[in-house]
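J.: Sharing a structure below in structure tokens format, with a few things to ask.
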Amino acid sequence: MFKNVGASDRLVDRIANEIQSVIAARQLSPGAKLPPERELCDQMGVSRTALREAVRMLVSRGLLEIRPGSGTTVRKMTSDQISEPLAMLIRTHDQAITPDHMHEVRSILEVGIVRMAAVNATERDIADLKAIIEQMEKGGLRSAEFAEKDAELHKRIAEASHNVLLGVLLDSIRDVMQEIRSRVRRYSGLAEIVNPDHRRIVERIAARDPEGAAEAMYDHLEHAKAVQREVLTGKEAGKRTRGDKVTG
């Protein structure tokens with residue numbers, strides 16, 4: 001299964017890349033064990049020291065996991081293993097990430113995503129989206145719950161595109177978006193702005209209307225930008241709010 005990687009100045013990297021290639025080719029499926037250490041060293045023509053260092057490298061990347069008593073196994077990959085490092089990169093970037101930056105990124109990503117969702121969504125996808133809309137419209141949700149449903153809807157739209165990479169990219173800005181949502185969730189009349197937008201988006205997806213869905217998403221993001229700007233500049237502070245409930 002494994003090729004002999006021979007001697008190299010960067011032997012550990014070569015070992016790690018070979019094991020990673022075998023996993024990527026699905027010759028080892030999630031949950032499968034690596035061959036015993038001695039056997040693997042013989043197959044690859046390397047020392048145990050180099051192999052162990054390469055395995056530690058792949059464990060840190062999230063590709064392998066070491067289970068006491070079970071050996072080294074292939075870890076099931078999830079989008080979090082890709083999106084979490086991207087999210088950390090965004091959060092620790094030298095320059096501040098502003099709401100306007102987020103709006104620009106969301107406009108590029110989510111308008112494209114919803115266009116694809118209108119083409120690729122299954123009937124189950126559409127039913128799930130409508131169910132979330134109904135939960136948001138019925139009222140009585142606390143602001144935190146409303147924000148969670150808002151995030152869930154956008155995530156399900158990405159899933160309805162049936163392009164895994166788009167979902168991963170959207171997940172990469174999830175944490176930063178959650179911070180913004182937490183700051184605007186008590187905006188007076190938020191539901192009256194958000195709910196009609198969301199319903200229009202889902203209706204256009206259900207109608208298999210990519211351009212109409214894209215237009216609806218663009219309008220929604222513009223409305224969200226206006227709300228965020230008002231809240232973050234403090235103009236909303238003097239307004240009368242409706243407590244911690246969000247009405248539909």
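J.: Determine the sum of side-chain charges near LEU109: Lys and Arg each +1, Asp and Glu each -1, restricted to other residues whose C-beta is under 14 angstrom from that of LEU109. Let's see the in-between values first.
T.: Details: positive: ARG106, ARG115, LYS155, ARG174; negative: GLU104, GLU110, GLU159, ASP171.
Neighbourhood net charge equals 0.
J.: Still on this structure: Rounded to two decimals, what is the ratio between the C-alpha radius of gyration of segment 11-74 and 2.2 N^0.38 Å? Provide the component values of the computation, followed by the final result.
T.: Working: Rg = 10.6 Å, N = 64, 2.2 N^0.38 = 10.7 Å.
Computed over Cα atoms of segment 11-74, the ratio equals 0.99.
J.: Please state, to two decimals, what the Cα-based radius of gyration of segment 137-225 comes to when divided by 2.2 N^0.38 Å (N = residues).
T.: On the way: Rg = 13.1 Å, N = 89, 2.2 N^0.38 = 12.1 Å.
Relative to the rule-of-thumb radius for its length, segment 137-225 sits at 1.08.
J.: For the pairs LYS33/LYS155; LYS138/LYS225; LYS33/LYS149; LYS76/LYS225, flag any whose C-alpha to C-alpha distance is greater than 31 Å. Spell out each step's value before the answer.
T.: On the way: LYS33/LYS155 33 Å; LYS138/LYS225 24 Å; LYS33/LYS149 39 Å; LYS76/LYS225 37 Å.
Beyond 31 Å between Cα atoms: LYS33/LYS155; LYS33/LYS149; LYS76/LYS225.
J.: Would you mind counting up the charge near ARG67? Only other residues with Cβ under 14 Å from its Cβ, with Lys and Arg at +1 and Asp and Glu at -1.
T.: On the way: positive: LYS33, ARG75, LYS76; negative: GLU65.
In short, +2.
J.: If each residue of separation counts as 0.36 nm, what is the full-extension length gain between THR122 and MET77 once their alpha-carbon separation is subtracted? Can you show the working numbers first?
T.: Numbers: separation 45, 0.36 × 45 = 16.20 nm, distance 2.42 nm.
Full extension from THR122 to MET77 adds 13.8 nm.
Just so you know, all these numbers are worked out from the coordinates, no wet-lab data involved. Computed from a prediction, not measured in an experiment: that's the story for all the values here. Ideal geometry is used to build each Cβ from the backbone, glycine not excepted, and the neighbour counts take in all protein chains shown.
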